[in-house]
Amino acid sequence: MARPHIEFVQTQNVDWEPAEAGASRKILNADPGSSEATLLIRYPVGYSAPASSAEMPAEEYFVLEGDITIGGRQCGRHAYGFIPGGSRTPAQSSAGGATVLVFRYAEDDPDSLAGTADPVAIDTPAMPWDVSTYDPKLTHLRLARKVLRLGPNNSCRTFLLAGMPHGVPPETELPAETHDHCEEMFMISGSMWAPEGLMQPGAYFFRPPHIVHGPHVSEFGFFQIMRSPMTNAIVTNWSDEMRPLPIGAPYSPVMPEGTPQSWARPWQGEPGL
Ligand SMILES: [Fe+2]
């Protein structure tokens, strides 16, 4: 695990680059020493790529928009899947075009390989939300989640997380947090304030272990896909130090060395009402 800290980029600021068979991609974060990476892939209208005998590293995928058929599975918006490492690369086609978020594993990650890791295919909109107890220090966010995948050997949990509007506590300060594992997030809709600024749709972060972060509050609610590489059970260490609520914090991202400056442009989002 040698993925750099990025917190956070509005992925609209990342340029598309050409990928296989006429697709385009944005590599958001990657381990320079392996195939492990998180990327957005955009498939054009009428995209078609045949199956290949080449073995692929494991991938999780989440359809952000459009439709795509992956190995015979028809995937609509918010379809989620996991393909174990060592599988043959499946045929992919898209009649109307699609944008897909992909979490690619290291090719030699033993917990991601076929025989150890099972395939997953979930139509996530049809899943019920889990609104059972969460960390009491996060009560103000009114959270709900859908667990999409629990990796073997406690290797990684992937889940959808939503918070209701008015996710702001009456207090003016909250503690910060750290974990002994990684956290990764892509904002699907809504927004969330962090000390690094306002995460809007398309926001992405990868946070290695032991990075102090938060607090987070949300005025208008949020919907995000999250992962916790290195564990299936998130354990949060709360700081004694209290930090002010980050509402109004200017955009001040942490970016890996060598990141194009254009990634760090403030993102204004869509014009409001
Ligand atoms: Fe956290």
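I'd like the Karplus ³J(HN,Hα) series for segment 103-109: coefficients 6.51, -1.76, 1.60, θ = phi - 60°, whole numbers in Hz, and an x wherever there's a Gly or Pro.
Result, ordered by residue: 10, 9, 8, 5, 4, 10, 5 Hz.
Separation of segment 41-75 and segment 120-152 by C-alpha centroid, Å?
25 Å
By the gyration tensor of its Cα atoms, with a ≥ b ≥ c the square roots of the eigenvalues, what is the shape of segment 86-166: rounded for a/c under 1.5, prolate for a/b over b/c, or oblate?
Oblate, because a/c is 1.5 or more while a/b does not exceed b/c.
Considering amide H positions built from the backbone, and no H for Pro or chain starts, which residues 5 or more places from residue 58, or on another chain, come under 5 Å of its amide H?
HN-HN under 5 Å from residue 58: 85, 86, 105.
Placing +1 on the Cβ of each Lys and Arg and -1 on the Cβ of each Asp and Glu in the chain, which of 222, 97, 263 has its Cα farthest towards the positive end of the resulting dipole?
97
State, to one decimal in nm, how far the label point of residue 127 lies from the label point of residue 73, with both points 7 Å from Cα in the Cβ direction.
1.2 nm
Express the Stokes-Einstein translational diffusion coefficient of segment 159-224 in µm² s⁻¹, to the nearest whole number, given a Kirkwood radius over alpha-carbon pairs, 25 °C and a viscosity of 0.890 mPa s.
Numbers: Rh = 12.4 Å.
Result for D is 198 µm²/s.
Please report, in whole Å, how far the alpha carbons of segment 35-129 spread along each principal axis, starting with the longest.
Its Cα atoms span 35, 35, 22 Å along the three principal axes.
What shape does the chain have by the C-alpha gyration tensor, where a ≥ b ≥ c are the square roots of the eigenvalues, rounded means a/c under 1.5, and otherwise prolate means a/b greater than b/c and oblate the rest?
Prolate shape, in that a/c is at least 1.5 and a/b is the bigger ratio.
How high is the FRET efficiency between residue 257 and residue 102 when r is their beta carbon distance and R₀ equals 22 Å, given to the nearest 0.05?
0.35
Relative contact order for the chain: what is it in percent, counting Cα pairs under 8 Å that are at least 6 residues apart?
Reported relative contact order: 20 percent.
Under a crude label model (7 Å from the Cα following the beta-carbon direction), how far is residue 212 from residue 150 in nanometres?
Going by the 7 Å Cα→Cβ label model, 3.3 nm.
Length gain on complete extension for the stretch residue 52 to residue 220, per 0.36 nm per residue less the alpha carbon to alpha carbon distance?
Full-extension gain reported as 56.0 nm.
Can you give me the three principal axis dimensions of segment 136-264 from its C-alpha atoms, in Å, biggest first?
Here the spans come out as 40, 39, 30 Å, largest first.
So, with +1 on the Cβ of K and R and -1 on the Cβ of D and E, and no other charges, what is the size of the charge dipole of the chain about its Cα centre, to the nearest 20 debye?
Working: 18 positive and 31 negative charges, 126 e Å.
Magnitude of the dipole: close to 600 debye.
Taking the alpha-carbon centroid of each part, what is the distance from segment 196-273 to segment 79-100 in angstrom?
Centre-to-centre (Cα) distance: 28 Å.
Only the coordinates and a few stated rules stand behind these numbers; no lab work does. What you see is a predicted model, and the numbers here were worked out from it, not measured in a lab. Ideal geometry is used to build each Cβ from the backbone, glycine not excepted, and the neighbour counts take in all protein chains shown.
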